[in-house]
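Trainee: Following this message is one structure expressed as structure tokens.
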Amino acid sequence: MKVVNSIKEMQNLANEAKKAGKKISFVPTMGALHKGHLELISEGRKRGDLLVVSIFVNPTQFGPNEDFNRYPRDIEGDLKKARETGVDVVFTPTIEEMYPEGFQTYVEVSKLQNHLCGIFRHGHFRGVATVVLKLFNIVKPDVAIFGEKDYQQLKIIQRMVKDLNLEIEIVGFPVVREEGGLACSSRNSYLSHEDKECASTIYRALQEMKIEFERGQLSAREITEKGKRILKRAGIEEIDYIEVCDPETLESKQRATKGDIVAVAVRIKGVRLIDNIKL
Ligand code: AMP
């Protein structure tokens with residue numbers, strides 16, 4: 001496994017692989033790799049000849065009051081896990097090389113970014129779309145894998161690829177969960193055992209909302225009120241949003257239909273957690 005820090009070196013490696021007729025698969029991450037990341041990486045292994053994983057905690061997608069500085073970092077552990085999962089290249093650029101002085105070009109997926117997390121994390125998706133486009137231009141993948149846990153992010157990347165005519169196949173991968181149902185996340189490491197138990201209510205609430213829909217409840221309000229009650233009973237008071245939304249436009253729905261997404265974001269002891277389920 002190669003570890004590459006330099007953008008130029010990564011581009012050269014990608015060019016050589018392409019010349020040799022290799023298909024490049026790519027999994028972008030912010031590191032602190034967990035089971036969710038590793039499943040995406042295994043999927044990437046199946047889909048390409050040269051599997052590249054990037055590890056970059058991207059400052060432009062964090063707001064001024066967010067957790068950029070304390071975001072979990074474990075490069076040694078990550079390299080070990082990547083090696084064991086069959087990664088060919090780990091790309092870990094520096095902030096200075098990714099955003100040199102004078103940097104001023106950003107990508108905005110203008111409508112999709114105005115829903116769900118975009119309302120609470122101003123500028124977040126602009127940072128995400130920009131860094132992902134930069135990484136695409138550096139790694140030159142044929143296929144890239146993104147998790148459905150970050151559903152809005154996946155939709156934004158798919159839209160950007162379509163709108164900007166990038167020749168990259170975007171694959172969505174189902175949410176990977178811990179034993180109690182909590183969606184795997186690097187941020188789970190901020191939580192105590194007790195907090196995690198409390199956080200597993202998020203998935204239970206999503207499942208109960210889906211059951212309510214399957215029983216014939218089509219009112220998005222009734223469905224989400226049920227979810228809110230379950231969360232509150234478990235002591236989760238800080239709910240950024242809980243919404244039934246269109247799976248493509250992410251617009252909030254009043255009447256739920258099959259295939260809609262129920263998306264939720266909460267804070268537990270200041271740790272922001274998101275999850276979703278398809279109806
Ligand atoms: P991150 O390191 O949090 O930026 O995540 C990197 C990639 O892994 C993104 O495409 C995420 O959607 C994906 N991912 C993170 N957690 C999970 C999970 N629990 N299940 C599926 N994909 C995930």
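None of the figures in this text is laboratory data; all of them are computed from the coordinates on show. Note that the structure is a prediction, hence the values are computed from the model and not measured. No Cβ is skipped: glycine too gets one built from the backbone with ideal geometry, and neighbour counts run over all protein chains shown.
Trainee: Cα-Cα pairs above 21 Å in the stretch 113-243: how many percent?
Mentor: For the stretch 113-243, the fraction of Cα-Cα distances above 21 Å is 53 percent.
Trainee: Also, quick follow-up: In terms of the ratio Rg/(2.2 N^0.38 Å) built on C-alpha atoms, what value belongs to the stretch 54-146?
Mentor: The value comes to 1.19.
Trainee: While we're here: Stokes-Einstein diffusion coefficient for the stretch 17-93 at 10 °C in a medium of 1.306 mPa s, Rh from the Kirkwood formula over Cα pairs: what value in µm²/s?
Mentor: In µm²/s, the coefficient is 120.
Trainee: Just tell me which lysines come within less than 24 Å, Cα to Cα, of LYS155; anything on the same chain fewer than 8 places away is out.
Mentor: Correct list for LYS155: LYS23, LYS35, LYS46, LYS111, LYS134, LYS140, LYS210, LYS253, LYS258, LYS278.
Trainee: Dividing the Cα radius of gyration by the Kirkwood radius, what Rg/Rh value follows for the chain?
Mentor: Here Rg/Rh amounts to 0.97.
Trainee: Can you list the aspartates and glutamates whose alpha carbon is less than 16 Å from that of LYS196, not counting same-chain residues fewer than 8 positions off?
Mentor: In chain and number order, the partners are GLU178, GLU179, GLU237, GLU238, ASP275.
Trainee: Another question about this same structure. Roughly how many nanometres apart are two label points built 7 Å out from the Cα toward the Cβ at GLU9 and VAL271?
Mentor: Each label point lies 7 Å from its Cα, and together they span 3.4 nm.
Trainee: What is the dipole size for the stretch 156-250, taken about its Cα centre, with +1 at each Lys and Arg Cβ and -1 at each Asp and Glu Cβ, in debye to the nearest 20?
Mentor: In debye, rounded to 20, the stretch 156-250 gives about 280.
Trainee: Roughly how far apart, in whole Å, are the Cα centres of the stretch 71-86 and the stretch 235-278?
Mentor: Taking the Cα centre of the stretch 235-278 as reference, the centre of the stretch 71-86 is 30 Å away.
Trainee: If eta is 0.890 mPa s and T is 25 °C, what Stokes-Einstein diffusion coefficient results for the stretch 117-194, Kirkwood Rh from Cα pairs, in µm²/s?
Mentor: The Stokes-Einstein estimate is 174 µm²/s.
Trainee: Okay, next question. I need the calculated FRET efficiency for the pair ASN69 and GLU214, taking r as the beta carbon distance and R₀ as 45 Å, to the nearest 0.05.
Mentor: 0.55
Trainee: Still on this structure, please answer the following. Debye sum, Cα scatterers, the stretch 206-258, no solvent: what log₁₀ I/I(0) at q = 0.17, 0.25, 0.27 1/Å?
Mentor: The Debye formula, applied to the Cα set alone, gives -0.51, -0.99, -1.09.
Trainee: Oh, and also: Pick out which of CYS198, CYS245, CYS184 has the largest mean-square fluctuation in a Gaussian network model of the chain, springs linking Cα atoms closer than 10 Å.
Mentor: Looking only at CYS198, CYS245, CYS184, the largest GNM fluctuation is found for CYS198.
Trainee: I've got another one for you. With an 8 Å cut-off on Cα pairs and a minimum separation of 6 or more residues, tell me the relative contact order of the stretch 78-171 in percent.
Mentor: 25 percent
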